[in-house]
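The values are calculated or read from the model by the stated rules, or taken from the named source; none is laboratory data. Please read these numbers as outputs of a predicted model, since none were measured by experiment. Quick reminder, even Gly has a Cβ in these numbers, built from the backbone with ideal geometry, and neighbours come from all protein chains shown. We work out accessible area using only protein heavy atoms, side chains counted, and drop any ligands, DNA or RNA first. Shrake-Rupley method; radii C 1.70, N 1.55, O 1.52, S 1.80 Å.
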Amino acid sequence: MAFQMSKLAARVSLSKSVGFIPSAGNRCPSHLNFISRLAHRSFHALCTAGRGSATIKVLPSPGLLRKADRWEKVSTASKSLHRQSGWAVKPNRTTRVVVSVIGVSAAVLASLSTSTLHAMNARPDLNLDSESSDWKEAKKKLCSMDKEKRREVYRVDFIPLEKIPVWSPSGVSSREPRYKVNEELNKKISLFTGDITKLEIDAIANAANKTLLGGGGVDGAIHRGAGPLLRRECATLNGCETGEAKITGAYGLPAKYVIHTVGPIVHDSVGEREEQALRNCYYNCLHTATKNHLRTVAFPCISTGVYGYPPDQAVEVALRTVREYLEQNHEKLDRVIFCVFLKSDKELYETMLPAYFPRGSAPKSKL
Ligand code: AR6
């Protein structure tokens, strides 16, 4: 009996040290604290209820509190029984039965609560700030987490997909439609002004350089937001050629993945080679997304910053490539977001979008 009791007491004590933050002197007892105290009272174990109180981040459910409350009452009765008999005196049969029932139940509750706490606390061993962390392990863990869990480890603020409206034209467009009206495709397009690193979607495209090891502009923002493990993973990819795309985890970013692409550098004017390379960037990013079953993708204005591609020409390549890809693969994507950072780019997209994604009275597509 004494052996069984000490085993149970040990299990209860163990639950105090796993998966939550000890905080001495916290006046609001968690459900675990209740259970520990019950077990301690029942068994007169080494630890006492007043010592080592514990807090968790999530409040106990009312049901669990009610259960704990009931056990508190039973435990108080058992405690007075113990007091009357004392451990030196051999307990009678009724006392032994009461104590066993309390002990087993308290231990079961304690072990249940231990696993609950384990599940609630996946975060502590996921360090996205340290370069020495194992990026493969971190990537695997992030992939297995649901959205709520991942939100606890984002290193930046996030904007959920629901807050990114589907594009709708403002005013009458002066542009002639270049494609047929297709409302199904129109529902898949957004124009977002702001920082791409904040978007909580499946994938964001990065306007990277051939090393994939980070740089300035949007590339720098993505690496800063994701943290050092992104660079660690990128370093294993052997760089990237112009127009190609390579996918990595997004680590501390709200997006699940980053698709890195390298845009063409424009020195004087845009030739066929540069235009084809920019087209390849958009196409290969979309292809990489759908190949990986990613349904929501955002693009910055690739090559239009440091790489010098004229924005008014780049917007046409971006819109045409996305339109044609969606026509062929509309069932594989839910949303393509054009993420612009500058007011001038926003205006360009607002002007050109109606030509590639027309609404209203233009001829209807059969898609
Ligand atoms: N979110 C969205 N768009 C952004 C952000 C952001 N946080 N920051 C900048 N932009 P650039 P490139 C816009 O120069 O021309 C890097 O050093 C920006 O306003 O970032 O393809 C790489 O390492 C512009 O419209 O990319 C390469 O060496 C667009 O992103 C080189 O720059 C692209 O500007 C790539 O040059």
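Here V306 clears all of (1) free of Cβ contacts under 8 Å to residues at least 60 places away in the same chain; (2) near the ligand (Cβ under 9 Å from one of its atoms) except the condition numbered (1). Per this entry, T261 is counted among residues that are within 12 Å of the ligand (Cβ to nearest atom), open to solvent by less than 40 Å² (accessible area, probe 1.4 Å) and at negative phi.
Among the residues of segment 324-338, is any within 16 Å of the ligand (Cβ to nearest atom), surrounded by fewer than 16 Cβ atoms within 10 Å (Cβ to Cβ) and in contact (Cβ under 8 Å) with a residue 12 or more places away in the chain? Walk me through how you get there before you give the answer.
Residues of segment 324-338 that are within 16 Å of the ligand (Cβ to nearest atom), as a first pass: 336-338.
Now narrow it down to the ones that are surrounded by fewer than 16 Cβ atoms within 10 Å (Cβ to Cβ): none.
No, every residue in segment 324-338 fails to be within 16 Å of the ligand (Cβ to nearest atom), surrounded by fewer than 16 Cβ atoms within 10 Å (Cβ to Cβ) and in contact (Cβ under 8 Å) with a residue 12 or more places away in the chain.
Please go through segment 190-217 and pick out each residue that is within 6 Å of the ligand (Cβ to nearest atom) and buried (at least 24 other Cβ atoms within 10 Å of the Cβ). Break it down stepwise before answering.
First, the residues of segment 190-217 that are within 6 Å of the ligand (Cβ to nearest atom): 195-197, 207-209, 215-217.
Matches in segment 190-217: I196, T197, A207, A208.
Each residue in segment 123-177 was checked for being closer than 23 Å to V297 by Cβ and not basic (K, R), and 24 of them qualify. When restricted to residues that are closer than 22 Å to K291 by Cα and surrounded by 20 or more Cβ atoms within 10 Å (Cβ to Cβ), segment 223-239 contains 3. Only helices (runs of 4 or more DSSP H) whose full extent lies in segment 166-276 are considered here, and the ones with at least 2 residues that are in contact with a Gly (Cβ under 8 Å, 6 or more places away or on another chain) and free of Cβ contacts under 8 Å to residues at least 12 places away in the same chain are 217-226.
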